[in-house]
Amino acid sequence: MMNVSGGKVVPALNTWMKKFPSAGVNHQQLAERGELTIPDASLPDPGRQLPEWERRGTDPRNVRDFKPTLVILHDELEAPLGKVKVRRGGPNEASLRGHNGLQNIFDVLRSKKHYPAKSATSPRVMRVGVGIGRPKERTSEAVSKYVLGKMSQTELDAIAAAAGRVMDLLADEFYRSDDELK
């Protein structure tokens, strides 16, 4: 069975990338477009919770260049149920380990010249895998049936519990500078 996710992911990426000039976009431009809300911290509100950017220590008004990240959220057959794994980059940086959906996405990214990155404004790639466990039998038919089969309530609960960790990863990525990777 072949997963054909790339045909949906890459056109969506192309549409999103057309919104931004090749030199990058700063957070003020994102706020003006309604894609980022920066609350007015000067307004007194004793019951207000700290905004995400304040809790993470980076004020988006001070960040001048926005470097987009293509985040690919996928199932991770080799990880225990609910465990979140992050890999940066595509198959040149870390193996896709036979994941047909990821392979298809990167095949289409290559065909559209989005991967490997050709310029400083090309999007970074972050792969976020959520563990689904592995069936006892290792045949391709058993694995396919396992991956595409209906999940039990326990499995669904474990996946739902991983959502908070994934959201934290996404917020960290949004406020991360390129210096943090070096």
Test: S95 is of a type in the set (G, A, S), open to solvent by 30 Å² or more (accessible area, probe 1.4 Å) and not in a loop (DSSP other than H, G, I, E, B): no
For E141: the one exception among (1) exposed (fewer than 15 other Cβ atoms within 10 Å of the Cβ); (2) under 19 Å from the mean Cα position of the chain (by Cα): (2)
Yes/no for E78 being assigned to a loop (DSSP other than H, G, I, E, B), of a type in the set (D, E) and either within 20 Å of D172 (Cβ to Cβ) or at pLDDT below 60 (or both): no
Which listed residue is modelled with pLDDT under 85 and either open to solvent by 50 Å² or more (accessible area, probe 1.4 Å) or not hydrophobic (A, V, I, L, M, F, W, C) (or both), from D179, D107, D157: D179
Subset of the range 78-87 [surrounded by 13 or more Cβ atoms within 10 Å (Cβ to Cβ) and of a type outside the set (K, R)]: E78, A79, L81, G82, V84, V86
So G90, is it under 27 Å from P11 (Cα atoms) and buried (at least 17 other Cβ atoms within 10 Å of the Cβ): yes
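The values are calculated or read from the model by the stated rules, or taken from the named source; none is laboratory data. Since we're looking at a predicted model, the values are computed, not measured. All Cβ positions, glycine included, derive from the backbone under ideal geometry; neighbour counts span all protein chains shown. Only protein heavy atoms, including side chains, enter the accessible area calculation; ligands, DNA and RNA are left aside. Shrake-Rupley method; radii C 1.70, N 1.55, O 1.52, S 1.80 Å.
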